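Reviewing the structure listed below.
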Amino acid sequence: MFDVAKVKSDFPILSREINGKKLSYLDNAATSQKPQVVIDAINNFYKNHNANVHRGVHTLSEEATAMYEEAREKVARFINARHPEEIIFTKGTTEAVNLVAYSWGRKNIKKGDTIAVTEIEHHSNIIPWQILAKEKNANLKVLSIDEEGFVTGSLQGLKPKIVAVSHASNVLGTIQEIKDISREAHLEGALVFVDGAQAVPHMKVDVLSLDCDFYAFSGHKMLSPMGIGVLYVKKEILENMEPYQVGGGMIKEVFFDRATYADIPGRFEAGTPNVSGAVGLGAGIDYLNRIGMENISEHEVGLLNYSLAKLNLVPGLKTYGPTDVKRRTGLIAFTLEGIHPHDLASVLDTEGVAIRSGHHCTMPLHNKLKIPATARASFYLYNTKEDVDALLYGIEKAERILKR
Ligand SMILES: Cc1ncc(COP(=O)(O)O)c(C=O)c1O
């Protein structure tokens, strides 16, 4: 295991006080904080190496290009992709889903085809497919989940063209059995798109062993900057995909009546990319590798056990998600009888505790659970039992103030 106090000291923002109280940052599923090494990597890029990539022959441009491509290699190794060309830099998970729905979807989805999503998906993994289905007169099939969030809906006989599923839920924490879903989907002749926004930051992900065709995640949820994300696509599929956006940087030859496009991955990165973001992501990955993804998962399971045991003792408090902590990531959505999650979050803020409240971009899931909103505490490698204690103290305070 690792020294959490040492890890915490690597994140400057975590020494801040909020409303006169020590900050307990428990909103990591929304975005994580950044260690000094990531801040330094971005700073170093702009201070010493800033230039556009894949364009100039001067030294700075070559340095910037090398740093950008090195980041791509780090990402590929981190998720065990076979080739760096299978990694496309995007703005984040949302852009990655839109890219696939637009580029792969418009070419491959035809009238009457089926696109499968699940009841647990984030809006980002629903709406692009919904629009594609409407545009193509295709069917959007919603696979059901059980109470713990595991996909139960069968693909057998459905013959979908694509199955879009999250690896880990941003509300229930549920970790889906992606290997099984991939096997079943492939037997049906479907491709598999995995939204890994809540998985890659918290556990070891191996896209080869998952055997998914597409895998997306966001840098900002894994210690890295906002505005940089990743889309992994199996090479043989990517090579046959049309560009998503067009313009500079993604072409071979341009005439007024036609253009030919660059090889992968450049074909999918039109315009000046977020180079400092990619460099920052590389530094974030280095940091996560130094700590070890298995250690991070284990640390979060420890916090989950500690907090679930305490939260479940609070009268009127209901937690959601799998009972087996090994099958969920380090977050807990909950409701507290008689107190709206937004009011709870406001009182917690007075104690320096940052949580999220609302529908967390999963309205269909909340409709299924028959609740308008939940409060959500989400952990990461720098969180401690003291943060959980501060959360519990804040909950008691909210009950004192709001239930009078
Ligand atoms: C499961 C899931 N998918 C997709 C997203 C969208 O990620 P981004 O806003 O970084 O594009 C999120 C972000 O909260 C998420 O939790």
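Brief remarks follow.
- Compared with the direct C-alpha span, the chain from His58 to Glu396 gains 115.6 nm at full extension, assuming 0.36 nm per residue.
- In the stretch 147-281, the DSSP beta bridges split such that about 55 percent are antiparallel, to the nearest 5.
- The distance between label points at Asn43 and Lys385 comes to 3.5 nm (points 7 Å beyond Cα on the Cα→Cβ vector).
- Acute angle (nearest 10 degrees) that the helix 127-136 long axis makes with the longest principal axis of the chain, alpha-carbon atoms: 40
- Helix 59-78 vs. the chain, principal-axis angle (Cα, 0 to 90°, nearest 10): 60
- Cα centre as origin, Lys/Arg/Asp/Glu Cβ charges: the chain dipole, Debye: 700
- Taking Cβ atoms as reference points and 11 Å as the exclusive limit, the residues near Pro265 contribute a net charge of -3, counting Lys and Arg as +1 and Asp and Glu as -1.
- Within-14-Å neighbourhood charge of Ala29 [Cβ basis; K, R +1; D, E -1]: +1
- Summed side-chain charge close to Phe89 - residues other than Phe89 whose Cβ falls under 15 Å, Lys, Arg +1, Asp, Glu -1: -3
- Calculated FRET efficiency for the pair Glu239/Lys318, C-beta based, R₀ 51 Å, to 0.05: 0.55
- 17 Å reach of a label modelled at Glu70, 7 Å along Cα-to-Cβ, counting backbone N of the stretch 258-302: 275-290
- C-alpha center-to-center spacing [the stretch 198-244, the stretch 110-131] in angstrom: 18
- Per-residue HN-Hα couplings for the stretch 147-153 [Karplus 6.51, -1.76, 1.60; θ = phi - 60°; Hz; x = Gly/Pro]: 4, 8, x, 6, 5, 10, x
- The chain: calculated mean residue ellipticity at 222 nm from DSSP helix runs of at least 4, using -39500 (n - 2.57): -10500 deg cm²/dmol
- The stretch 15-87 versus the stretch 133-155: alpha-carbon centroid distance in Å: 35
- Leading residue at positive end of dipole, the stretch 252-317 (Cβ point charges), from Leu308, Phe255, Ser276: Leu308
- Part-to-part distance (alpha-carbon centres) for the stretch 339-404 and the stretch 272-314, which is given in Å: 20
- Estimated from the Cβ-Cβ distance and a Förster radius of 56 angstrom, the FRET efficiency linking Ser15 and Val254 is about 0.60.
- Top of Ile120, Ile131, Ile228 by mean-square fluctuation, Gaussian network on the chain, Cα under 10 Å: Ile131
- Rounded to the nearest 10 degrees, the angle from helix 385-402 to the longest Cα principal axis of the chain is 60 degrees.
- Take every DSSP beta bridge whose two residues both sit in the stretch 38-289; close to 50 percent of them are antiparallel.
- Förster radius 35 Å - calculated FRET efficiency between Thr350 and Glu147 (Cβ-Cβ, nearest 0.05): 0.55
FYI, it's all coordinate maths here, none of it is from the lab. What you see is a predicted model, and the numbers here were worked out from it, not measured in a lab. A quick note on method: Cβ atoms are made from the backbone with ideal geometry, for glycine too, and the neighbour counts reach across all protein chains shown.
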